[in-house]
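Written below as structure tokens is the structure these notes are about.
The values are calculated or read from the model by the stated rules, or taken from the named source; none is laboratory data. Since we're looking at a predicted model, the values are computed, not measured. Here the Cβ is made from the backbone with ideal geometry for all residues, glycine too, and neighbour counts use every protein chain on show.
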Amino acid sequence: MCGFAGLAQRAPSEDVSERFCALALKSLERRGPDDARTLRRGAVDFVHTRLSIIDAEGGLQPMEDEAGVIVFNGEIYNYEDLRQPNTVYASRSDTEVLLKGLNTQGLAFLERVDGMFGFAYLNKAQQKLYVARDRFGIKPAYVLKTADVCAFGSTMPALMPFSGKRVDGQALVEYYSSRAPHAPRTIFEDIREVPPGCMAVLDLRSFTLEMKRWAEIRPVPVTRRSEADLLAELDEILHASVKAHLVSDVPVASLLSGGIDSGLITAIAAQYVPDLACFSAGFQDRRFDESPYSQAVARRYGLRHYVKFMNEETVFGLLDTWPSVMDDANAEPASVLKYVVAQFARDSGFKVVLAGEGADEFFGGYNQYWRFRLAKRLSVLGAYAPGLAGLAERAAGPRSRIVHFLRQASGRQGFPGASMPFEPHLVAQTFRGASGDAGVETLKEALALDQRRRLPDDMLTAADRATMHASIEARVPYVTRSVADFAASLDDDMLLRGRKQKVLLRQLALKYLPAECVERRKVGFDMPLGRWFRGRLKDVVYDTLANTWQRDFLRPGAMERIVDLHMSGRADYADKIWAFVVLDRNVRALRAVA
């Protein structure tokens with residue numbers, strides 16, 4: 001795992017190159033503390049910082065041969081199988097396998113890659129620069145193009161000196177609707193994030209940029225099989241994926257929340273690494289403390305288990321530095337816990353951890369899915385639904401579940417995705433220029449929407465930043481083509497039965513995990529933000545409210561009402577306030593980059 005950046009100039013300037021490379025090296029330092037190098041080829045500067053995990057001596061970057069130059073962030077798990085016969089390799093690194101494959105097979109080579117990546121590749125003969133991202137968006141890649149320069153990289157800070165730093169109003173609405181803007185849009189108008197499975201292609205001769213999709217989108221038919229056969233197949237697929245994700249020249253640990261997703265990954269990994277180390281978060285507040293469940297998993301397999309206990313002082317102490325951790329617009333609150341636990345793992349000597357992201361989006365793990373399906377069944381209420389929704393809102397408040405059901409049943413609110421800091425009707429009430437949501441009709445369509453948006457824009461971005469700022473690589477065994485295709489082939493009742501979520505995955509988890517870990521209510525990495533905002537973090541909220549740059553985008557008094565409802569205890573709007581506070585700080589920090 002690494003960080004990369006680069007700059008192509010239409011009229012190369014030595015001074016611009018030097019200042020860019022210095023800033024890029026500094027901004028990427030935490031992503032790659034083991035090595036840092038730059039390379040200039042023609043009008044293009046390449047910058048790379050390395051977290052060495054495989055072939056520490058032979059995988060140095062930027063990497064160049066007679067046909068191309070590459071800077072690469074990620075891991076290719078099947079790189080040994082991709083080595084080409086009659087080709088001489090100078091190292092054991094997956095970077096060289098990728099470089100040689102792109103040189104000889106072009107972009108078609110990426111279809112054979114099993115892994116996570118963001119990279120920039122210069123084809124010398126074509127004089128074209130390719131900035132690409134893996135098919136699921138596990139690793140990031142950004143581009144900024146002006147008339148004179150094209151900057152690119154793993155994160156936004158290195159690009160900021162060339163940005164006009166104007167906030168994109170539609171991106172702001174997407175952020176508050178979904179906890180993150182939807183790629184290719186970012187919080188700034190002139191910076192684009194390469195969408196999953198896509199690449200930005202810069203023609204150095206004409207200095208034109210276009211976005212292309214490289215990943216083939218294949219429909220997966222639903223196939224009916226017995227539950228026993230499905231369980232056996234899922235077990236085999238997850239074993240193969242976890243085993244592949246354990247390939248490393250350095251020890252691999254696991255992030256263990258105490259729930260099904262990370263617990264199952266940890267339990268399978270324990271079959272291959274008997275003394276596996278796992279790291280968890282804990283709280284004194286027992287309502288949020290999952291450490292007893294993570295301890296139960298660790299005890300079953302005799303694992304080394306380390307728990308980091310946290311409180312509101314932990315979060316308060318991180319607020320000033322959080323923009324350097326989450327250097328993007330992302331409102332995932334659990335990323336704070338993930339960062340603290342990842343730093344704990346790094347301080348304990350680890351560079352690689354396994355994580356459970358992806359299971360909910362592929363196997364139907366969010367409450368919003370069964371609520372959405374129930375709402376569709378309530379559509380028989382027809383013309384009565386809008387009036388009933390209004391009555392329910394006045395009686396129970398706008399966040400009441402029955403209000404959401406009736407709004408969806410009336411057709412006034414579709415399925416906007418499982419991440420909703422602000423529900424669709426509240427977005428319209430709070431922000432100027434808010435438009436409608438992207439409604440869908442079936443469970444599979446809802447899952448597909450979250451796989452395209454929530455998973456890469458929210459969950460994977462948060463995991464990448466939280467772990468990489470701790471100089472640690474997070475690997476996600478659920479987010480692979482084999483797992484995704486298998487999940488897509490399942491009948492709905494293997495995903496959701498009534499209010500029971502992740503039906504098949506839950507059944508498999510019973511084979512590996514204590515029953516109390518499988519049958520309990522879903523929590524995940526979570527923390528008592530609502531209480532903290534009324535306590536230690538109260539002044540932070542009001543200071544942000546008084547000085548926010550977001551005033552031009554807000555309807556008058558809207559955010560003040562949300563804060564007042566929360567502080568008075570009439571509503572729990574912690575997720576909304578968190579989104580508001582961290583975005584305000586992150587954008588200020590990015591605008592300050594010169």
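Some observations on this one:
- Just one of the listed residues (Ser471, Ser482) is among the polar types (S, T, N, Q) and either touching a Gly at 6+ places or on another chain (Cβ under 6 Å) or closer than 30 Å to Glu312 by Cβ (or both), and it is Ser471.
- Output for region 145-164, where each listed residue is surrounded by fewer than 24 Cβ atoms within 10 Å (Cβ to Cβ), among the hydrophobic types (A, V, I, L, M, F, W, C) and touching a residue at least 60 places away in the same chain (Cβ under 8 Å): Ala147, Val149, Met160
- Test: residue in region 130-144 that is among the acidic types (Asp, Glu) and surrounded by fewer than 22 Cβ atoms within 10 Å (Cβ to Cβ): no
- Taking the listed residues Leu230, Leu209, Leu202, the one that is at pLDDT 95 or above and either acidic (Asp, Glu) or closer than 21 Å to Tyr478 by Cβ (or both) is Leu230, with no other qualifying.
This table checks each residue for (1) under 25 Å from Ala466 (Cα atoms); (2) modelled with pLDDT of 95 or more; (3) basic (Lys, Arg).
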{"position": "Glu80", "(1), (2), (3)": "no, no, no"}
{"position": "Tyr89", "(1), (2), (3)": "no, no, no"}
{"position": "Asn103", "(1), (2), (3)": "no, yes, no"}
{"position": "Lys139", "(1), (2), (3)": "yes, yes, yes"}
{"position": "Ser163", "(1), (2), (3)": "yes, yes, no"}
{"position": "Asp168", "(1), (2), (3)": "yes, yes, no"}
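- Strands (runs of 3 or more DSSP E) fully within region 125-238 counting 1 or more residues that are touching a Ser or Thr at 6+ places or on another chain (Cβ under 7 Å) and not assigned by TED's automatic domain parsing to the domain that holds Lys576: 142-145, 191-193
- Any hit, region 329-338, residues being crowded, with 19+ Cβ neighbours inside 10 Å, within 30 Å of Gln507 (Cα to Cα), over 13 Å from the mean Cα position of the chain (by Cα) and touching a residue at least 40 places away in the same chain (Cβ under 8 Å): yes
- In region 279-328, the residues that are within 21 Å of the chain's Cα centre (by Cα) and of a type outside the set (S, T, N, Q): Phe279, Ala281, Val315, Leu318, Leu319, Trp322, Pro323, Val325, Met326, Asp327, Asp328
- Among the helices (runs of 4 or more DSSP H) confined to region 487-594, the ones with at least 1 residues that are touching a strand residue (DSSP E or B) at 6+ places or on another chain (Cβ under 6 Å) are located at 503-512.
- Condition met for Glu445 (crowded, with 16+ Cβ neighbours inside 10 Å and of a type in the set (D, E, K, R)): no
- The selection criterion, being modelled with pLDDT under 95, touching a helix residue (DSSP H, G or I) at 6+ places or on another chain (Cβ under 8 Å), in a helix (DSSP H, G or I) and not assigned by TED's automatic domain parsing to the domain that holds Asp539, does not hold for Thr266.
- Search result, residues across region 358-368 that are out of contact with any Ser or Thr (no Cβ under 9 Å at 6 or more places or on another chain), assigned to a helix (DSSP H, G or I) and surrounded by 24 or more Cβ atoms within 10 Å (Cβ to Cβ): Asp360, Glu361, Phe362, Phe363
- Filtered residues of region 287-344 (kept if closer than 18 Å to Ala253 by Cα and of a type in the set (A, V, I, L, M)): Ala296, Val297, Ala298, Leu303, Val307, Leu337, Val340, Val341, Ala342
- Residue that is surrounded by the fewest Cβ atoms within 10 Å (Cβ to Cβ) [pool: residues in region 339-357 that are part of a helix (DSSP H, G or I) and of a type in the set (A, V, I, L, M)]: Val340
- Here Ser471 meets the list (1) at pLDDT 95 or above; (2) in a helix (DSSP H, G or I) almost entirely, failing just condition (2).
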